[in-house]
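Below: the structure, in structure tokens.
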Amino acid sequence: MTPSAGSVTVIGLGPMGQAMVRSLRASGTKVTVWNRSPEKADAVWEFGAVRAGTVAQALDAGEVIVLSLTDYRAMYDVLEPVVEHLPGKTIVNLSSDSPESTRTAGAWIRAHGGRFLAGGVMADSNGVGDSAAYIFYSGPRDVFAACAEVLRPLGRQEYLGEDVGIAQLYYQAVLAMFLPGLLAFEQALAMIDRSGESIEQFLPYAQRSMGGMADVYAAVTAMSSSGGWRDIAHLRMMAAGAQHVVQTTTAAGVDTTLAYAVRTYWQQALTETERTGLPVSTFQLLRGDVKPAT
Ligand code: NDP
């Protein structure tokens, strides 16, 4: 298996696909593109990408085909009508979806004679190709090894293993931290703003509060491997703290949905610990090991 060095087809030219084309072209890679809405291909002409007239032509143009689509459903919409062009191709799907969708897609591509790799891009479109950008990959090791060089301009590579679903598992796990974290920050901004304070003045304190998170993650990971953080004094303090956040958001007139959801976990861990006489952590609740009494 020898994908032609320095030649890639990119299908899907949203902000992410366009950024990938830019980065590949900057490294001298020959790039062929196709997008459902043809006008988006105009945006990457300036980078020197070749525009394919049809999906079939885009597949025929090279051996490594990068997909950057909204989700995996879009992959079937694009490839199903042209499956006879898949044999010998390596489909590298860098779209977001669930691990299970990824595994099903891998089997589907292989059943049509193609090879398959999945990836999760850990950068926003502006950061593609930067030193901080990286991509989780998973799938057959030989397929990854054959494509690694030509995909390198897209970002640092974190190959996670043969199970094609793992890249999306890690990607979605990071997103599971990022999405509530972003909402939590906006909740804090709303509390400050609603209270007549300056959110700009608050910003450096918010940033400072992130400084110690790497150590907190390490400590929580160590505790989670033996059931989680569950000493009663800790649970009492956290449940009380979460209650104070509910009171403060309520008083400020800020939406309290998030604050109540957070409080629920700490309060349930404390209640279950007191009810059963056995320590129960929020990690056990989230993992589904302990179902709180209703
Ligand atoms: P967009 O939703 O902007 O673009 C998606 C692309 O998918 C477009 O080219 C669109 O075509 C195409 N598409 C969607 N549905 C279909 C369909 N049914 N048939 C054919 N083509 C379809 O997404 P982004 O470019 O922002 O992101 C692409 C992927 O990368 C997503 O999975 C996203 O989660 C992931 N990602 C994005 C990041 C970002 O910063 N943007 C960061 C990290 C990951 P058309 O132009 O015709 O609508």
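Brief remarks follow.
- In degrees, nearest ten, helix 141-151 long axis to first principal axis of the chain (Cα): 80
- FRET efficiency for the Glu200 to His244 pair, using the beta carbon distance and R₀ = 22 Å, is estimated at 0.35.
- The range 170-287, dipole about Cα centre (Lys/Arg Cβ +1, Asp/Glu Cβ -1), debye to the nearest 20: 320
- Helix axis angle, 213-224 relative to the chain longest principal axis, alpha carbon, degrees: 80
- Within the listed set Met20, Met191, Met122, the Gaussian network model of the chain (springs between alpha-carbon atoms below 10 Å) gives the highest mean-square fluctuation for Met191.
- Relative contact order %, the chain, counting alpha carbon pairs below 8 Å whose residues are six or more apart: 12
- Relative contact order %, the range 170-287, counting alpha carbon pairs below 8 Å whose residues are six or more apart: 27
- Taking the longest Cα principal axis of the chain as reference, the axis of helix 257-276 is set at about 60 degrees.
- The chain: most fluctuating residue of Gly227, Gly28, Gly88 per GNM, C-alpha cutoff 10 Å: Gly227
- DSSP-defined antiparallel bridges as percent of all bridges, the chain, nearest 5: 20
- Charge context of Thr257, other residues only, Cβ under 14 angstrom, K/R +1, D/E -1: -1
- Fraction of antiparallel bridges per DSSP, the range 1-87 only, in percent to nearest 5: 0
- Segment Ser224..Ala176, full-extension length gain: 15.6 nm, with 0.36 nm per residue of separation and the alpha-carbon distance subtracted.
- Among Ala219, Ala133, Ala61, residue whose mean-square fluctuation peaks in a GNM of the chain (springs only between Cα atoms under 10 Å): Ala219
- Ellipticity estimate at 222 nm from DSSP helix runs (n ≥ 4, -39,500 (n - 2.57)) divided over the chain, nearest 500: -17000 deg cm²/dmol
- Positive-end residue, the chain charge dipole about Cα centroid, Cβ charges, pick of Gly12, Pro99, Trp229: Trp229
All of the numbers you see were taken from the coordinates with simple rules; none came from a lab. What you see is a predicted model; the values in this text were computed from it and never measured. Using ideal geometry, Cβ is built from the backbone for each residue, glycine included, and neighbour counts are taken over all protein chains shown.
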